[in-house]
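The values are calculated or read from the model by the stated rules, or taken from the named source; none is laboratory data. In this text the structure is predicted, and so the values were computed from the model without any measurement. Cβ placement follows ideal geometry from the backbone for every residue including glycine, while neighbour counts extend to all protein chains displayed. Note: areas computed on protein heavy atoms with side chains; ligands, DNA, RNA excluded. Shrake-Rupley method; radii C 1.70, N 1.55, O 1.52, S 1.80 Å.
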Amino acid sequence: MPDLSDGPTFLGRKAQAPAKMRAMRLLLLLLLSSAPLEAQWWKVETIGIDTNLRSVSVARASNAKGASPWVVWASGSNGVILKSADEGETWKRLHLPGGDALDFRGIVAFNATTAYVMSSGEGERSRIYKTTDGGETWDLQYTNKRKEFFLDSIACLSETHCFALSDPIDGKFLLLRTTDSEHWNPLPSGNMPAALPREGAFAASNTCLALSGEEIFFGTGGPAARVFRSPDAGRTWTVAETPIAHSNASSGIFSITRGNEQQVVVVGGDYQDPQRASGIAAFSRDGGNSWQLSAEQPGGYRSAVARVKESLLAAVGPNGEDLSHDFAAHWKHTDPLDLNAVAFVDSRTGWAVGPHGTIARFVHQNGFEIHYRAPQLERQPTASAVAD
């Protein structure tokens, strides 16, 4: 489009007389000012922390007045774990001893005091911790010395019933389970289909694993973009190929979520080619047996998808966010924020996180304003301030 600021030409024509030019400029300003502003669905609450946040979890928290505000937990690289007990007004960084170099790719919270956090990495760098005192102390519950061990996602049905997914070991994906909130054990894998050579899962948003009652779903990438499904808590398995972009180590399914009855949706793409807007989202209407691409795709690689309510979905990624009002059949771009992970508890309460410590709140209101402000992290006491 031609640059109109200098005024010597206008769409390739010579400059008009001054009066006519002023009238045209006035008309252009009126047209621009009267154009409706697109609604922004996300409001940034914090930014500027030295971490790439990869997971977010929201739960209810009772306080002394008997109210139940939402408590938000988030985690990411450089050992960062954050918590807000007042719905994002202030944030506290929680410290896990020996964890400053860990990459916390997954977090699941149940209230203001109880949460699991999962780190990703080869062998012993993949760990599962739990806190029951709001993050003051953490118990290491599981790790593994094998180099192939690499945790990708953690998901829970309740505080005592959780699963964690690892990349394949000995040719099959590894699922860990706890039923007492303390001890984790591998599920038998005899009935699980074998992984393809170089097939793996992605620890990008803690959402490549999804639970629904006794059903377990997880998505994969690499040489194929497949969905593994167990209808009976891991006793039996099926696997189905999807049309999500794949073929290299940076592409495939990154996130999966369940809807009503037989609805399942996956998103992904290629994180090395984030602008590519094909093969990003697909859905199933038969419980994951067959899949078809969305008729209108999201605007590029998407690392996470979450169900807002009924058929409303939200997807997030490095070049923005998209919404679908028909359970992934069509997507519409909403915001340009760079985000990695998203979580919803109802149609008006959702949070997303991303690089540089970005935490954004779902607002679903008209306007074109996103506020940036420094994070209000609670200060830790200095040595001189601690009583002897």
message: At 1.4 Å probe size, what's the solvent-accessible area of Ile47? Round to the nearest 10 Å².
response: 50
task: With a/c under 1.5 counting as rounded, go ahead and sort segment 158-207 into rounded, prolate or oblate using the C-alpha gyration tensor (a ≥ b ≥ c being the square roots of the eigenvalues; past the cut-off, prolate if a/b is larger than b/c, else oblate).
output: oblate
- prompt: Looking at the P(r) of segment 189-237, how many percent of alpha-carbon pairs lie beyond 16 Å?
  reply: 42
task: Using a cut-off of 13 Å between beta-carbons, work out the net charge of the residues near Val345 (Lys and Arg +1, Asp and Glu -1, Val345 not included).
output: +3
Cα-based equivalent ellipsoid, segment 256-328: semi-axes from gyration tensor eigenvalues, Å: 20, 13, 9
query: Past the 32 Å Cα-Cα mark, which pairs from Lys43/Lys130; Lys83/Lys309; Lys147/Lys309?
result: Lys147/Lys309
Residue-count net charge about Leu157 - beta-carbon cut-off 11 Å; Lys, Arg +1, Asp, Glu -1: -2
field: Theoretical FRET efficiency, 1/(1+(r/R0)^6), r = Cβ-Cβ of Glu296 and Thr132, R0 35 Å, to 0.05
entry: 0.20
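Report the equivalent ellipsoid semi-axes for segment 228-361 in whole Å, largest first, defined as the square roots of five times the eigenvalues of the gyration tensor built from alpha carbon atoms.
22, 18, 14
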message: How large is the direction-averaged shadow of the alpha-carbon convex hull of segment 158-293, in nm²?
response: 7.9
message: Can you give me the orientation-averaged projected area of the convex hull built on the Cα atoms of segment 82-183, in nm²?
response: 6.5
message: How charged is the neighbourhood of Asn78? Take every other residue with its Cβ under 11 Å from the Cβ of Asn78, and add Lys/Arg as +1 and Asp/Glu as -1.
response: -2
